[in-house]
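Down below is the structure, laid out as structure tokens.
The values are calculated or read from the model by the stated rules, or taken from the named source; none is laboratory data. None of these values were measured; they are calculated from a predicted model. Cβ placement follows ideal geometry from the backbone for every residue including glycine, while neighbour counts extend to all protein chains displayed. Ligands, DNA and RNA are excluded from the accessible area calculation, which covers all protein heavy atoms including side chains. Shrake-Rupley method; radii C 1.70, N 1.55, O 1.52, S 1.80 Å.
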Amino acid sequence: MSQTSEAITTYTQLCEHVVETARLVTIRALLEWDERTIMPTAAGPYRAEQITVLSRIIHGRRTDPRIGDWLQELSATDLMASSHSAEATTVRCLQRDFDRQTRIPPALVEAISRQSILGQQAWVAARKNDDFQTFQPLLEQIVDLKRQEAAAVGYTGCAYDALVDEYEPDATTTQLTAVFAALREELVPLLMAIRSSDRVPTTDCLHGEFPIDVQEKFGKHAATEIGFDFSRGRLDVTHHPFCTTLGPCDSRITTRYDSQFFSTAFFGILHEAGHGIYEQGLPSEQFGLPPGMYCSLGIHESQSRLWENLVGRSHAFWQHFYPQAREAFGAALGAVELDEFVSAVNTVRPSLIRVEADEATYNLHIIIRFELEQALINGTLVVEDLPAAWNEKYREYLGVESPNHADGVLQDIHWSSAAIGYFPTYALGNLYAAQFFQAAEAALGDLQPMLAAGEFGPLRAWLGEKIYQHGQCYPAMELATEVSGKPLSHEPLMAHLRGKLEPLYGLA
Ligand code: ZN
């Protein structure tokens, strides 16, 4: 056998193993989806055990010594010749995963898995009862376990780097701090100018009677039009909206409804549909292998943000959808003009809830969490003092005061489910989204007339060609440079925000 045919045999063995592991990962995702949507509350403890068993099996497969042997054998073959090929990408990404997974002891993997499910269940109750005290010991255990994980994985900068790396490969605290600081430096003066503007768009039209069944129908319709394929996906209800993938033709999105407020569900659906469209656009024949998987969570979030904000809050988008919205929600929107509605969905107002924050202040919500979770992991903040530190930062950065913990420190699911290091990917998503949208306009011409005509296909096809079809073949930062011709920067996002908000607030 020549070197190449031996390499192909090894590569096939490796892929078969990894694809089978992916089947287990998606079975676990199904259990998690069920847990967060329709599972009876009392089933919680047993579900935690089911997920823990699967996590143990999955971790065992991901650290199988044969993977190390296969990867070593492949690293010196012709299959690695072209660095962005499917084969080279598979070897590079799996080596990275293998190195990380083998450093984490199985007992720690199990402990984190169990604690994250129990933590999540406790969080739902704690948030409902506005009770941080009962939740505190669970969160302390989670922080402790994540610190153990960081120590096991290892790092060169700070412990937090090791956790960020799981969600945004190669991103470092130093790099994120720099780009967020540059963003904050330009964002804060814009927000100050908005705050002192005497033009205050009203959001009254977004509050009123929005029957939930009509919201669901209208949201599904908009998701379909922008490109979410319901023959390969579903929309369901949850406490904390998310998107998950259960297979190459099974993308699940979720939302929550408020019958008195339009924005929560609608923009939530556009957001999650953006995630789903990305998942549905990945090469399905490579499902479970790195070339068939999303690039990074920052890139994933760029797709949700792009559809939710760059497209979904544009005047052009509503030129197309507003007549339909008015017909659907006659009682609430009948007397509201298009311009008034578009101004309302673009209003900037510092607020308490991240998921309902406007496009501009949203980034400050993230910077707060980025700073707090770093402090928790690096040991400069203890969980007991977290609510006070949280409130302090909200006063300082956003000038708002939380009346309770439910809308304060308990508002997000992430920490309860051991997802520490995840938040920065949201702000990265905003940055990437603006950068990609700018690049799409440079390539396709003015997108506004297309959006106004309800033509979402050209933009989606461009995203597919530039981003979706590559899976993990380019690392995130490299992909951004490849797509937009320049490295990640805060400038496109600031240009987008200024372009929209300065006229709205009479600042231009
Ligand atoms: Zn998202």
Percent accessible area from carbon and sulfur atoms, region 321-393, protein chains only, probe 1.4 Å: 49
Square roots of 5 times each gyration tensor eigenvalue, C-alpha, the chain, largest first, Å: 36, 28, 23
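Can you work out the accessible area per residue across the chain, with the rest of the protein chains kept in place, probe 1.4 Å, in square angstrom?
On the way: 20570 Å² over 508 residues.
Accessible area per residue: 40 Å².
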Positive dipole terminus of region 1-81, leading residue within G60, L24, M39 (C-beta point charges): M39
Selection from V336, F287, T203 lying farthest towards where the dipole of the chain points positive, charges on Cβ: F287
Theoretical gain in end-to-end length, A125 to C158 [0.36 nm per residue, Cα-Cα removed]: 8.6 nm
Rounded percent of accessible protein surface that carbon and sulfur make up, region 5-156, 1.4 Å probe: 54
Positive-end extreme of charge dipole, the chain - chosen from L138, Y167, I212 (charges on Cβ): L138
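Dipole size in debye (nearest 20) for the chain around its Cα centre, Lys and Arg Cβ +1, Asp and Glu Cβ -1? Don't skip to the end; give the middle numbers.
Details: 39 positive and 66 negative charges, 70 e Å.
Charge dipole, the chain, about its Cα centre: 340 debye, nearest 20.
What's the lysine pair count for the chain at a Cα cut-off below 25 Å, pairs eight or more apart or interchain?
Values: K128/K393; K146/K393; K466/K486; K486/K500.
Close lysine pairs found across the chain: 4.
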Charge dipole magnitude, Cβ of K and R +1, D and E -1 - region 129-205, Cα centre, debye nearest 20: 280
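Sorting K217, K486, K393 by accessible area (1.4 Å probe), largest first, what list results? Present the calculation step by step, with values, prior to reporting the outcome.
Numbers: K217 160, K486 90, K393 45 Å².
Accessible-area ranking of K217, K486, K393, largest first: K217, K486, K393.
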Scattering profile of region 300-423 at q = 0.13, 0.15, 0.18, 0.21 Å⁻¹ [log10 I(q)/I(0), Debye over alpha-carbon scatterers]: -0.66, -0.80, -0.99, -1.17
By average C-beta atoms within 10 angstrom, highest first, the peptides 160-166, 76-82: 160-166, 76-82
Histogram of C-alpha separations across region 5-156, 10 Å bin width, %: 10, 31, 30, 19, 9, 2, 0
Whole-Hz ³J(HN,Hα) from phi, Karplus 6.51 cos²θ - 1.76 cosθ + 1.60, for region 387-392, glycine and proline x: x, 5, 5, 4, 4, 4
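Antiparallel versus total DSSP beta bridges in the chain: what percent is that, nearest 5?
Roughly 50 percent of the DSSP beta bridges within the chain come out antiparallel.
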With DNA, RNA and ligands ignored, accessible area of M192 (1.4 Å probe; Å², nearest 10): 120
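Translational D (Stokes-Einstein, µm²/s) of region 153-254 at 37 °C and 0.692 mPa s when Rh comes from the Kirkwood sum over C-alpha pairs? If you can, show how the numbers build up before the last one.
Values: Rh = 18.6 Å.
Estimated diffusion coefficient is 176 µm²/s.
Under a point-charge model restricted to the Cβ atoms of Lys and Arg (+1) and Asp and Glu (-1), what is the dipole moment magnitude of region 5-156 relative to its Cα centre, in debye to the nearest 20? List each step's numbers first, then the result.
Numbers: 17 positive and 20 negative charges, 77 e Å.
Here the size comes out at about 380 debye.
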